[in-house]
Amino acid sequence: MIAPLVACTNPQVARNPVSLPADAFFARLQALCGQAFEGRLAVFNEADAKLFAGPAVMHVRTCTAGEVRIPFHAGTDRSRTWVVTRTQEGLRLKHDHRHEDGTSDTLTMYGGDSIAATAGSAARQEFPADAESKAMFLAAGLGVSVDNVWAIDVEPGRMFAYELRRPSRHFRVEFDLSRAVTPPPPPWGVEP
């Protein structure tokens, strides 16, 4: 008689191997929880320079086992929060945009899932625009944005970067992780 094969129940082995770099990346984000860092525009165009006048500060404000929320403040503008969540296949990045009164912007919660084909790495994850975001952009007359690919880089103790790429556009802001700063006020729409 042949003994039956027993399935492996280790959750790390049972998970899709694509998620492993995403898990390491997510752990790097969580290690920054509660801290804020000053940044600078590294790659931008003239419109970005005007839009992001004033100090750039990112604050890894809230972390749970499945989500990390990172408000991004540009000068006195506290409208943007990057939301990174775990998915079955990897990670998802969404952009929560709010008005000063806390209400959602017309364009909010757009983003995408990490690229399964390349799996990213512990240091970098890329997020091409998902179908929902593309539909939102088209409805708003922003067809140029359907090719958006966002990326986040985390090099512990050195640098955190957020970037947007699409044909004819590249925006990147880099934050110095070697020196934490005083956390800024909460983003618009969030109570202190």
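The values are calculated or read from the model by the stated rules, or taken from the named source; none is laboratory data. Note that the structure is predicted; figures quoted are calculated from it, not measured. No Cβ is skipped: glycine too gets one built from the backbone with ideal geometry, and neighbour counts run over all protein chains shown. Surface areas here come from the heavy atoms of the whole protein model, side chains and all, with no ligands, DNA or RNA. Shrake-Rupley method; radii C 1.70, N 1.55, O 1.52, S 1.80 Å.
Values as computed for the structure displayed
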{"read-out": "1 or more residues within 24 Å of ALA180 (Cβ to Cβ), in contact with a Phe, Trp or Tyr (Cβ under 9 Å, 6 or more places away or on another chain) and of a type in the set (Lys, Arg): qualifying strands (runs of 3 or more DSSP E) within segment 94-169", "value": "124-128"}
{"read-out": "Residue pairs meeting the criteria (Cβ under 6 Å; at least 6 apart or on separate chains; first touching a residue at least 24 places away in the same chain (Cβ under 8 Å) and within 23 Å of ALA123 (Cβ to Cβ), in segment 174-192; second open to solvent by 70 Å² or more (accessible area, probe 1.4 Å) and part of a strand (DSSP E or B))", "value": "VAL181/GLU38"}
{"read-out": "Total residues in segment 170-192, condition part of a strand (DSSP E or B), open to solvent by less than 50 Å² (accessible area, probe 1.4 Å) and among the hydrophobic types (A, V, I, L, M, F, W, C)", "value": "5"}
{"read-out": "Breaking point among (1) among the hydrophobic types (A, V, I, L, M, F, W, C); (2) surrounded by 15 or more Cβ atoms within 10 Å (Cβ to Cβ); (3) modelled with pLDDT under 95, for ALA117", "value": "(2)"}
{"read-out": "Yes/no for PRO71 being crowded, with 21+ Cβ neighbours inside 10 Å and under 21 Å from GLN35 (Cβ atoms)", "value": "yes"}
{"read-out": "The listed residue being modelled with pLDDT of 75 or more and open to solvent by 60 Å² or more (accessible area, probe 1.4 Å), out of GLN35, GLN12", "value": "GLN35"}
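Conditions (1) of a type in the set (A, V, I, L, M, F, W, C); (2) on the phi > 0 side of the Ramachandran plot; (3) surrounded by fewer than 17 Cβ atoms within 10 Å (Cβ to Cβ), marked per residue:
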site: HIS97; (1), (2), (3): no, no, no
site: GLU100; (1), (2), (3): no, no, yes
site: LEU107; (1), (2), (3): yes, no, yes
site: ALA122; (1), (2), (3): yes, no, no
site: ALA131; (1), (2), (3): yes, no, yes
site: ASP147; (1), (2), (3): no, no, yes
site: ARG166; (1), (2), (3): no, no, yes
